[in-house]
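Taking it in order: structure first as structure tokens, then the write-up.
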Amino acid sequence: MGPSIYLNNVGLKYGDNTILHDINHSFAAAQCHVVMGPNGGGKTSLLRSILGLTPFSGEIHIQWPEAKGKLGYVPQKAVFESSLPLTVMDFILLNQSRTPLFWPNWRNRSKQLGHALAQLERVGMAARADRRMGQLSGGEQQRVLFAQALLDNPELLVLDEPTTGMDEQGVRYLESLITELVSEQKTVLAVHHDVTAVRRLDAHVHVVNRQLVDSGSVSEVLVPEKIERLFNHYTSASQADSRALENVA
Ligand SMILES: Nc1ncnc2c1ncn2[C@@H]1O[C@H](COP(=O)(O)OP(=O)(O)OP(=O)(O)O)[C@@H](O)[C@H]1O
């Protein structure tokens, strides 16, 4: 079973710039959670804080039900040089074996190949296993990154805008995989921008714009009167300006 995640007074600054401020919140275990909000609102920064990839203030506690489990992460984007002779299969095997590919007596190679191919099949990329990573489209690369994140059968899956650049078929593959993972009691935490797709996932929605703005089920948060506000940028200066104007009026 996947973990729950607790955030206590979490803040993050880059220089003088406050990115996240005073976030007290939790993400329940074995559910799909979607973080939404405007560009620059701090969603990726929040995920990276939870993953321990960036320094933050406050406390983040990942509570595993039993022993500490595995986690998979799909970043927002990855850059692969097109001339790099690294195929899709090489990339998956590298992540799977953690052993240099040129080792001659690499044990269990056929077993590893079979497992890698099965993961690529789950995202519809088995037919492209011999293509170079750098020659795939952005959406195809996202699919391979997703397959790679699933290799270790993670209990917690963290996805940063997983459908960016994906076509309709890719989006559907990903949605059915997320649904399958949640039915297996895994915890999924994803940043997403597409309101219609999030409605289909029937996820718990958490709106972040420097602070936690809203949180609840799709039917509570993604209602027409709230959606316009969802992607509005937080600017304390402009809020102060509008309050001042109201006072003058
Ligand atoms: N390493 C960094 N150094 C300085 N500023 C950063 C760094 N990483 C992010 N930022 C800034 O932090 C703010 C929040 O960025 P973040 O990527 O977390 O937002 P986001 O909500 O994920 O945005 P988007 O929807 O555009 O992906 C942005 O203004 C960004 O420029």
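The values are calculated or read from the model by the stated rules, or taken from the named source; none is laboratory data. Nothing here was measured: the structure is a model prediction, and the numbers come from that model. As a convention, Cβ positions derive from the backbone with ideal geometry for all residues, glycine included, and neighbour counts pool all protein chains shown. Just the protein is used for accessible areas: all its heavy atoms, side chains included, with ligands, DNA and RNA removed. Shrake-Rupley method; radii C 1.70, N 1.55, O 1.52, S 1.80 Å.
Quick notes on this one:
- Filter pass, Lys70 being among the charged types (D, E, K, R), in contact (Cβ under 8 Å) with a residue 40 or more places away in the chain and away from the ligand (no atom under 16 Å from the Cβ): yes
- Evaluation of Gln76 against (1) out of contact with any Leu (no Cβ under 8 Å at 6 or more places or on another chain); (2) more than 10 Å from the ligand (Cβ to nearest atom) (one fails), failing number: (2)
- Filter result for the condition that a residue is over 23 Å from Asn24 (Cα atoms), aliphatic (A, V, I, L, M), modelled with pLDDT of 90 or more and within 16 Å of the chain's Cα centre (by Cα), over Leu189, Leu181, Leu174: Leu181
- Verdict on Gly58 being touching a Gly at 6+ places or on another chain (Cβ under 9 Å), open to solvent by 10 Å² or more (accessible area, probe 1.4 Å) and modelled with pLDDT under 90: no
- Residue that is least open to solvent (accessible area, probe 1.4 Å), among those in region 17-54 that are more than 8 Å from the ligand (Cβ to nearest atom) and free of Cβ contacts under 8 Å to residues at least 12 places away in the same chain: Gly52
- Residues being open to solvent by less than 30 Å² (accessible area, probe 1.4 Å), of a type in the set (Asp, Glu) and either within 27 Å of Lys13 (Cα to Cα) or within 16 Å of the chain's Cα centre (by Cα) (or both) are entirely absent from region 206-220.
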